[in-house]
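Please read the structure below before turning to the comments.
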2 protein chains.
Amino acid sequence: MRRYGGGMETRELRYFVAVAEELHFGRAARRLGIAQPPLSRAIRQLERRLGVTLLERDSRSVALTAAGSVLLREGRAALDAVAAADRRTRRAGQAATGGPGLVLATKTGASSELLPKLLGAYAAEPDAVPVEVLLCGIGEQERLLRDGRADVALLHLPYDSTTGLDTEELITEPQVAILPAGHPLARRPHLLLAEVEALPGLPMPRWPRADGSYPDGPGPEVRDHAQLFQLIALGRTVVVLPESARSLLLADLATVPVPDAPAVTTVIAWPPHSRSRALAGLIRTATRL
Amino acid sequence: MRRYGGGMETRELRYFVAVAEELHFGRAARRLGIAQPPLSRAIRQLERRLGVTLLERDSRSVALTAAGSVLLREGRAALDAVAAADRRTRRAGQAATGGPGLVLATKTGASSELLPKLLGAYAAEPDAVPVEVLLCGIGEQERLLRDGRADVALLHLPYDSTTGLDTEELITEPQVAILPAGHPLARRPHLLLAEVEALPGLPMPRWPRADGSYPDGPGPEVRDHAQLFQLIALGRTVVVLPESARSLLLADLATVPVPDAPAVTTVIAWPPHSRSRALAGLIRTATRL
DNA sequence: CCGCATCGATACCTTCCGGGTATCGCGCGC
DNA sequence: GCGCGCGATACCCGGAAGGTATCGATGCGG
């Protein structure tokens, strides 16, 4: 049995996170749908109750203190946990009335072979529940698991981080370079990573980050695999992907093994404390594939 | 940038967790320091807003629904995260004024060789901060990390669970049986686990669980290593411990290797998202020992 | 079968706090 | 110097949280 001394309210956390992200009380207030004065007051109260200065403010600028950055990081995690509690409880309530039993998050276009096999095998289990598949962008999965929008995800090491998640390895596969069918290197038995990266006139594509912005660089900005493959066919870029990406290839593309590229391991991941009956079943099915 | 739609307040979560743990509105209200009617109302409001029945109540008993158990589990995690945000922010504010920079949790009596070495080596680092050591009971460490009372912990696999934590392995050591010096088996070169467990009249001791209660069984209840060793010396029990426990042994005790007992790995563990400069330094020092 | 105790729900009142409007104080730029 | 942007302050209002009294149901002992 535990005691939770009357601590911070999530409202205060939401307010602080908004201000800390905007570094501007007016904008933060607008984003929160309240007026600016109550927001100022709320932050001051929070600072007084914590006995800590969170924001250094003069009338021209607002900046985070060291304690403020800690609360920004921890506060986001806490808000995610609260949001997860909310969503998962709602879903648990509706599960009885036919809603999806599990939400699985995976990267768009990835695991095109594994995923149908997994869903098929699981659906055949005696106590299977409906599985909703959530296709999402790069690096989005961890967030979805944390805030309760997903119960389980397929991640790809070493690209995705699994810190704070429980995982089981499913398959490991080598990577291949994907080239236009007519490219001179397309007939080579294999390529080295360095060779692929140094291909003149064929810079690696740039994927969007979590916030939607693109890193700097020479390569084209791509948003999904369809776009990517078309650009490769046009001879504008090149990419190294796990072997299984072959299954969604266009006709005029060729693959060449890249033995020194790190092998990609597909893992099934879930938040550590949530071990529902249905989730356990799905994981068991996955590891048996 | 993320939006957190106006969701649950921590007060509601605290209330629900109290009721779910007590399964009794009156007791829960007393525990929370409020009257019973506002508590009933708060739970009803929570249920209405979630659109989910959390508790099945007739006027004689209260029981959790499936959704209720989900909210109990997720709510505890969320409250821990909020408590962690609170505590870590407070500490970050006081850190400037000389408070402890890091709080390390370890089991009382364990790692008696490793811990001083680690603290010594870290203190010698150029940018070391003060480290407070928190001695705690079995299985308490995960909780301390989760709710922010500790920043880092020493855990012992396979006894402790590391789900949801980031870890680095430090050392792995075999286990030994600890016997009274005069015991007939004390002169054997090694013992099998089965032999130790079957010792007539020497049942394994029982350790308290997280909630303070003891599992059933024939062995004596022990609370710490001093108590345990005294009981062994008295010939009332026997135990299998990692080799390094030798360093805190009494004179009239003997150790015998137990090669088939699982090796114990000491790991340093920390919550996944909190990677402060000081913490990174401590972990680096630890892995270099 | 009838009090009686127990426990959650309801009714009603009070207080306090979250939120709004108006305004101030301050620093910057035209 | 004057306007303007921004955060802080002052003040008011409404609603929600909390308390007291009471009800209604249920199980139990006499």
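The values are calculated or read from the model by the stated rules, or taken from the named source; none is laboratory data. Bear in mind that the values here come from a model prediction, so they are computed numbers and not experimental data. Cβ sites come from the backbone with ideal geometry, for glycine too, and all protein chains shown count toward neighbours. Just the protein is used for accessible areas: all its heavy atoms, side chains included, with ligands, DNA and RNA removed. Shrake-Rupley method; radii C 1.70, N 1.55, O 1.52, S 1.80 Å.
Overview of values
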item	result
Where a residue in the stretch A:17-46 is at positive phi and its partner, wherever it lies, is among the hydroxyl-bearing types (Ser, Thr, Tyr) and near DNA strand D (Cβ under 8 Å from one of its atoms), with Cβ under 8 Å and at least six apart	A:23/A:61
Meets criteria (within 9 Å of another protein chain (Cβ to nearest Cβ), within 16 Å of DNA strand C (Cβ to nearest atom), of a type outside the set (Val, Ile, Thr) and open to solvent by less than 50 Å² (accessible area, probe 1.4 Å)) for residue A:7	yes
Some residue of the stretch B:57-75 being among the hydrophobic types (A, V, I, L, M, F, W, C) and farther than 26 Å from residue A:274 by Cβ	no
Hey, residue B:164 open to solvent by 60 Å² or more (accessible area, probe 1.4 Å) and modelled with pLDDT under 90 or not	no
Residues of the stretch A:58-95 that turn out to be of a type in the set (S, T, N, Q) and open to solvent by less than 10 Å² (accessible area, probe 1.4 Å), as a count	1
Of residues in the stretch B:273-284 being within 14 Å of another protein chain (Cβ to nearest Cβ) and among the basic types (Lys, Arg), the one surrounded by the fewest Cβ atoms within 10 Å (Cβ to Cβ)	B:277
Residue B:41 vs. criteria open to solvent by 50 Å² or more (accessible area, probe 1.4 Å) and more than 9 Å from chain A (Cβ to nearest Cβ)	yes
Selection status of residue B:121, in contact (Cβ under 8 Å) with a residue 40 or more places away in the chain and more than 15 Å from residue B:267 (Cα to Cα)	yes
Index of the failed condition, residue B:47 passing every other in (1) of a type outside the set (Val, Ile, Thr); (2) open to solvent by less than 10 Å² (accessible area, probe 1.4 Å); (3) farther than 26 Å from residue B:150 by Cα	(2)
Candidates A:29, A:18, A:35, A:42, filtered to the one that is more than 9 Å from DNA strand C (Cβ to nearest atom) and not hydroxyl-bearing (Ser, Thr, Tyr)	A:18
Residue check for residue A:44: farther than 28 Å from residue A:142 by Cα and either away from DNA strand D (no atom under 12 Å from the Cβ) or not hydroxyl-bearing (Ser, Thr, Tyr) (or both)	yes
Sole exception among (1) more than 10 Å from DNA strand D (Cβ to nearest atom); (2) over 20 Å from residue B:147 (Cα atoms) for residue A:28, by number	(1)
Residues satisfying the stated conditions in the stretch A:136-156, i.e. open to solvent by less than 10 Å² (accessible area, probe 1.4 Å), under 23 Å from residue B:8 (Cβ atoms) and assigned to a helix (DSSP H, G or I)	A:144, A:145
All positions within the stretch A:104-132 that are open to solvent by less than 40 Å² (accessible area, probe 1.4 Å) and among the β-branched types (Val, Ile, Thr)	A:106
Residue B:52 being modelled with pLDDT under 95, closer than 30 Å to residue A:277 by Cα, within 16 Å of DNA strand C (Cβ to nearest atom) and among the β-branched types (Val, Ile, Thr)	yes
Some residue of the stretch A:78-90 being hydroxyl-bearing (Ser, Thr, Tyr), closer than 23 Å to residue A:247 by Cβ and not assigned by TED's automatic domain parsing to the domain that holds residue A:210	no
Which numbered condition residue B:20 misses (of (1) farther than 19 Å from residue A:9 by Cβ; (2) open to solvent by less than 60 Å² (accessible area, probe 1.4 Å); (3) near DNA strand D (Cβ under 10 Å from one of its atoms))	(3)
Residue tally, condition closer than 18 Å to residue B:148 by Cβ, more than 7 Å from chain B (Cβ to nearest Cβ) and of a type in the set (Lys, Arg), over the stretch A:60-87	1
Matching residues in the stretch A:231-272 - criterion: being surrounded by fewer than 16 Cβ atoms within 10 Å (Cβ to Cβ) and within 14 Å of another protein chain (Cβ to nearest Cβ)	none
